[in-house]
Amino acid sequence: MKLYLTLALLLFTPFVTADENLFYVGTWQSNEKKTLASMNSVEDIPEKTQMLFRSNFFGRLVNVVRVDSFATYIIGEKPEVLTFSPHTIEVLSADTIRITYYDELSTSDETRILKYENNCYSLPVTKWEFREYFCRVE
């Protein structure tokens, strides 16, 4: 009887990979509303720059994060096959990671701190250091 119960548990228990349990793995889309609210809380951003950021600048970027790599694309411009770039992640706390990756634009390693809250993560952006928010879509 114990053997049957064990087999039943194995057969009917959904298999979950370790990756699915990691809070930072998934597909994340830039959230314009949350990001602009963060921008609005910062003083000294020139009006012309604010207008640029308010004109559909945020909300279109998507990051697909795996345990060891990530891919990025713009909504409406997703390639048929995503190109993943390697990264390293260090979990700093239950809601914070440090991600390091090679940035092709600056041709150097980039390190960013991401804070997770309410199914979104945020990171400081621009020289004014307001936070861009990305919320889980998958």
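Residues that are part of a strand (DSSP E or B), acidic (Asp, Glu) and farther than 19 Å from Phe23 by Cα within region 90-114 comprise Asp103, Asp109, Glu110, listed in sequence order. Scanning region 102-138 for residues that are among the charged types (D, E, K, R) and in contact with a helix residue (DSSP H, G or I) (Cβ under 6 Å, 6 or more places away or on another chain) returns Arg131, Glu132. Restricting Asn21, Asn63 to those that are of a type outside the set (Val, Ile, Thr), modelled with pLDDT under 95, within 19 Å of Ile99 (Cβ to Cβ) and within 19 Å of the chain's Cα centre (by Cα) reduces the list to Asn21. Selection of region 123-138 for residues being closer than 24 Å to Val42 by Cβ and either touching a strand residue (DSSP E or B) at 6+ places or on another chain (Cβ under 6 Å) or surrounded by 12 or more Cβ atoms within 10 Å (Cβ to Cβ) (or both) yields Leu123, Pro124, Val125, Thr126, Trp128, Phe130, Arg131, Glu132, Tyr133, Phe134, Cys135. Selection within region 68-122: residues that are surrounded by 11 or more Cβ atoms within 10 Å (Cβ to Cβ), among the aliphatic types (A, V, I, L, M) and over 23 Å from Phe58 (Cα atoms). The member of this set that is farthest from the chain's Cα centre (by Cα) is Leu92.
Among the residues of region 39-89, those that are of a type in the set (A, V, I, L, M), over 24 Å from Glu104 (Cβ atoms) and not in a loop (DSSP other than H, G, I, E, B) comprise Met39, Met51. Condition check for Met39 on (1) out of contact with any helix residue (DSSP H, G or I) (no Cβ under 9 Å at 6 or more places or on another chain); (2) in contact (Cβ under 8 Å) with a residue 60 or more places away in the chain: one failure, at (1). Restricting attention to region 34-56 and to residues that are surrounded by 15 or more Cβ atoms within 10 Å (Cβ to Cβ) and touching an Asp or Glu at 6+ places or on another chain (Cβ under 8 Å), the residue that is nearest to Thr100 (Cα to Cα) turns out to be Thr35.
The values are calculated or read from the model by the stated rules, or taken from the named source; none is laboratory data. Keep in mind the model is a prediction, meaning the values are calculated, not measured. Virtual Cβ from ideal backbone geometry, glycine too; neighbours counted across all protein chains shown.
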